[in-house]
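Some notes on the structure that comes next.
Any read-out appearing in this document is the output of simple, stated calculations on the displayed coordinates, not a laboratory observation. The shown structure was predicted, so the numbers you read here are calculated from the model rather than taken from an experiment. Cβ coordinates were reconstructed from backbone atoms using ideal geometry, including for glycine residues, and neighbour counts include every protein chain displayed.
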Ligand SMILES: [Zn+2]
């Protein structure tokens, strides 16, 4: 008789173990008030990474995260990622990154959950209906800055692990965490940490899971792509000081007129990007993509109403979704140095700088975009024959990310969604940018999935941000189910991690340095956000108990 190797026997035994999903669900339901209380405590910390005066709170938030994971028996480290330089030259300590590990069984798959616990600014006077840092539940929606982005999803992952522990059910996979505190200002220091830990903390990781986005509708979704972001400043300088328009108007060539003139050459009224080379670089829409978009649940009228607009750039679902996710776009954000206060100041500003960005897509390279935009604007400016000076700078060059939806991770994701919600998930992309996804992909070569639990109307980055109690709890169940489904991915179907490692060891240090210098986000004045403010959607008065 032939004996099976021990690992096969153990593997078979682990499959035989029935998945006690119902017990875990019961546990989540009966502990919901504790989960809400945990969220209340986290939301009360003003961990705004863009406001340097709040840095102590941010450090405290990282400590709280570490304490929570430590209390659960995790092997926790607070990783020092150095300092950031402020515009005035001062150096300020970055919040440490929390890494944690639960069980370490070489026979099991290892997943690493990425999340962040820093938040966007939130002030009552910005138009919040409730105190932003005091979790307030109204009709099943829990309002507070950082609820949906990203504190509740991080807690849901922690509670998913905790539920297995509480019921003495062995975790089906090894679970690791990487929780950072600078995501909202460009994940300063994280790229270098990921590179540094590639052969240590990340070495045995098979898959990376990110839950830092939202659904598109009431239907649960899996996200398989994000756009990148090339953020520019175009500065035009004229006279040595601001001038009186009555005294000097008509005698000088005004920087603002030049600036508006060149900005107007970027994009046509119908949304066509006019910079040569950009549209040509985009992959054509495939029939398969068209079909995917066609099948997605998306109500155009609802979308218009939420935004408070009467017309959209495209009047069919497929075009609209395609331009939200898989085509690049130009947005003009503001003009520094321009008169913007109330009143009627008659000034000719001496120096103005426009801020605009291009959300770019997988076949576009930020370095190429930088060259295309700079040359194009310089040529447009030259045609004006202006004596003023133009300076174009790319401040952020964050790359897009795209996953293969046929990957085993997505198959497991669909099964988990089906188990918890009894529907097939929408397969969606994200118009915004989550730069760390591309970093993980480039540095580790591991499979990555984005598994959102936020609602489509959570108002991330906006006033009255919220997550519903429903999404928070069902999201926790989704993560519980997902850990099980990932454990069911047979070793034979896992991408050959050994092969990937071999590939990676051939990436020389020059390559890594090149990667780092390319992907480092240049965040000027500390407040540029690498993700767009989500649709400013008025928070709905109530969220249905069940979608
Ligand atoms: Zn986020």
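Could you list 149, 319 in order of exposure, starting from the residue whose Cβ has the fewest other Cβ atoms within 10 Å?
Least crowded to most crowded, the residues run 319, 149.
Could you give the C-alpha radius of gyration of the stretch 157-245 expressed as a fraction of 2.2 N^0.38 Å, taking N as the number of residues it contains?
Ratio of Rg to 2.2 N^0.38 Å for the stretch 157-245: 1.82.
Between residue 166 and residue 424, what's the calculated FRET efficiency when r is the beta-carbon distance and R0 is 25 Å? Round to 0.05.
My answer for the efficiency is 0.25.
Could you tell me how many degrees, from 0 to 90 and to the nearest 10, lie between the Cα long axis of helix 435-444 and the main elongation axis, the longest principal axis, of the Cα atoms of the chain?
60 degrees
Given an 8 Å cut-off on Cα distances and at least 6 residues of separation, report the relative contact order of the chain as a percent.
Here the relative contact order equals 23 percent.
What FRET efficiency do you get for residue 32 and residue 336 if R0 is 56 Å and r is their Cβ-Cβ distance, rounded to the nearest 0.05?
After rounding to 0.05, the efficiency reads 0.75.
Taking neighbour Cβ counts within 10 Å as the exposure measure, how do 27, 159, 323 sort from fewest upward?
Fewest-to-most ranking of 27, 159, 323: 323, 27, 159.
Taking neighbour counts of Cβ atoms within 10 Å as a proxy for exposure, in what order, fewest first, do 478, 167 appear?
167, 478
Between 0 and 90 degrees, rounded to the nearest ten: what's the tilt of helix 469-487 against the longest Cα principal axis of the chain?
60 degrees
What's the extension gain from residue 192 to residue 70 if we count 0.36 nm per residue and subtract their Cα-Cα distance?
41.5 nm
In deg cm²/dmol, rounded to 500, what helix-only [θ] at 222 nm does the chain give when every DSSP H run of at least 4 residues adds -39500 (n - 2.57) and the total is split over its residues?
So the calculated ellipticity at 222 nm is -10500 deg cm²/dmol.
By how many degrees, between 0 and 90 and to the nearest 10, does the Cα long axis of helix 32-43 differ from the longest principal axis of the chain?
Once rounded, one gets 30 degrees.
Return, for the Cα atoms of the chain, the radius of gyration and Dmax in Å, separated by a comma.
Final numbers for Rg and Dmax: 24.6, 102 Å.
What is the distance in Å between the Cα centres of the stretch 362-411 and the stretch 75-132?
Answer, in whole Å: 28.
Would you mind pulling out the separation of the Cα centroids of the stretch 139-175 and the stretch 215-230, in Å?
Using only Cα atoms to place each centre, the spacing works out to 20 Å.
Give me the extension gain from residue 78 to residue 313: residue separation times 0.36 nm, minus the current Cα-Cα distance, reported in nm with one decimal.
80.0 nm
Suppose R0 equals 45 Å; then what is the FRET efficiency for residue 44 and residue 287 from their Cβ-Cβ distance, rounded to the nearest 0.05?
Once rounded, the FRET efficiency stands at 0.35.
State the Cα centre-to-centre distance between the stretch 20-35 and the stretch 422-478 in whole Å.
22 Å
Taking 0.36 nm per residue of separation and subtracting the Cα-Cα distance, what length does fully extending residue 139 through residue 63 add?
24.2 nm
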